[in-house]
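The values are calculated or read from the model by the stated rules, or taken from the named source; none is laboratory data. Here the structure is a predicted model, which means the values were calculated and not measured. Here the Cβ positions follow ideal geometry from the backbone for every residue, glycine too, while neighbour counts run over all protein chains shown.
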Amino acid sequence: MQIALYSRPRPNVRSEELDRLFVALAESGLSFQLNEAFACQAESLLPLRFRAEQRYAEASEIAADTAVMVAYGGDGTFLEAVRLLNDRTLPIVGINSGRLGFLANINRQDMGRAFEEIKNGHYTLEKRSLLQVEGDFCCEPDYPYAFNELTIQRQGASMIMTEVFVDGELIATCHGDGMLVSTPSGSTAYSLSVGGPIVAPQCHCLIVSPIAPHNLTMRPVVIPDRSVITLKVHSREKYFYVSLDNQNYSAEDGAFFSVSCAPKAVFLVHLKNISFYETLRNKMMWGMDNRDVTR
């Protein structure tokens, strides 16, 4: 079986860590290609040399018989892999070499077993939705989609005002730091930190959450994913920020944005012994007793 490996070079990566990765790959017997930037870093740290056919710079250069994309890093690396693939329909799995990691949910200590399960086909595919965003960007994004969230955020000290419409009906006018629209997959990302609910990825919904609202009665709203959300933004500054996952853009006062569920989706590799709820319990440390029993 052939896989594609994606990772972004990190300044603090250790040769021992990369050695464990490539030893696990060799032991699994999987054939692989890896992205050019990561290949260069691995070759600089390890006594390895990758052939030209083992390297790729764009998704079009990934072999046609590739079965799975493996993102090695954190959730940011996973999101980069999603953008890289664009319209290439390869299922993705993430191995976590970073910190928290809800999307990259396989611990690197378990990657050998994960490679074996992928090779033997012991996995299922899980469909995840994408946001499609159209609007008044100062510079039109090459990839107008978001796996986690769209974020509207102030630039400078002044609050911004965001009018939120659902299917043409005004539901809120929010003064504050901004507004966020999230997929269920993104409910454990930025949306969670601004007080949004945790939503199971199988739910067909979108989450609209205010960011530091001046009106404290403003609360997140969950709506059906067949709805179209329109955002009109007013800013005292000339520009404000618009982010699609971790890609940042600018827009001007008075800009409109339309957000809907994209017609295409991303497919995640789901290993049979890893569930969303298990990942949630472990990452959020739910059920751990942190009380001091000596008192």
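Taken over segment 95-139, the residue count meeting the criterion of being surrounded by 14 or more Cβ atoms within 10 Å (Cβ to Cβ), β-branched (Val, Ile, Thr) and more than 16 Å from the chain's Cα centre (by Cα) is 1.
Take the conditions (1) part of a strand (DSSP E or B); (2) at pLDDT 95 or above; ARG226 misses just one of them, which is (1). Only residues that are more than 26 Å from VAL82 (Cβ to Cβ) and surrounded by 12 or more Cβ atoms within 10 Å (Cβ to Cβ) were counted across segment 44-64, and they come to 3.
Of the strands (runs of 3 or more DSSP E) entirely within segment 115-203, those holding at least 3 residues that are more than 17 Å from SER227 (Cβ to Cβ) and not polar (S, T, N, Q) occupy 123-135, 169-182.
Looking across segment 33-70, the residues that are under 15 Å from GLY94 (Cβ atoms) and either modelled with pLDDT under 95 or of a type in the set (Val, Ile, Thr) (or both) come down to VAL68, VAL70. Just one of the listed residues (HIS214, HIS234) is within 22 Å of ALA157 (Cβ to Cβ), in the same structural domain as MET159 (by TED's automatic domain parsing) and touching a His at 6+ places or on another chain (Cβ under 6 Å), namely HIS214.
Within segment 205-225, does at least one residue satisfy the condition of being surrounded by fewer than 15 Cβ atoms within 10 Å (Cβ to Cβ), more than 15 Å from THR173 (Cα to Cα) and out of contact with any Pro (no Cβ under 9 Å at 6 or more places or on another chain)? Yes, segment 205-225 contains a residue that is surrounded by fewer than 15 Cβ atoms within 10 Å (Cβ to Cβ), more than 15 Å from THR173 (Cα to Cα) and out of contact with any Pro (no Cβ under 9 Å at 6 or more places or on another chain). Yes or no: LYS264 among the basic types (Lys, Arg), under 23 Å from GLY76 (Cβ atoms) and in a strand (DSSP E or B)? It is true that LYS264 is among the basic types (Lys, Arg), under 23 Å from GLY76 (Cβ atoms) and in a strand (DSSP E or B). Residues of segment 4-35 that are free of Cβ contacts under 8 Å to residues at least 24 places away in the same chain and among the aliphatic types (A, V, I, L, M): VAL23, ALA26. Sub-8 Å Cβ pairs linking a first residue in segment 237-252 that is assigned to a loop (DSSP other than H, G, I, E, B) to a second residue that is loosely packed, with under 14 Cβ neighbours inside 10 Å and not charged (D, E, K, R), at least 6 apart or interchain, are GLU237/GLY156; GLU237/SER158, ordered by first then second residue.
Going by what's in this entry, would GLU80 be described as touching a residue at least 60 places away in the same chain (Cβ under 8 Å) and among the acidic types (Asp, Glu)? Yes; evaluated as a whole, the condition is true for this residue.
Summed over segment 18-40, the residues that are buried (at least 17 other Cβ atoms within 10 Å of the Cβ) and of a type outside the set (Gly, Ala, Ser) give a count of 9.
Taking segment 37-65 as the range and being within 24 Å of ASN107 (Cβ to Cβ) and polar (S, T, N, Q) as the test, only GLN41 passes.
Given the criteria under 30 Å from ALA4 (Cβ atoms), within 22 Å of the chain's Cα centre (by Cα) and assigned by TED's automatic domain parsing to the domain that holds CYS139, does TYR249 qualify? Yes, satisfied.
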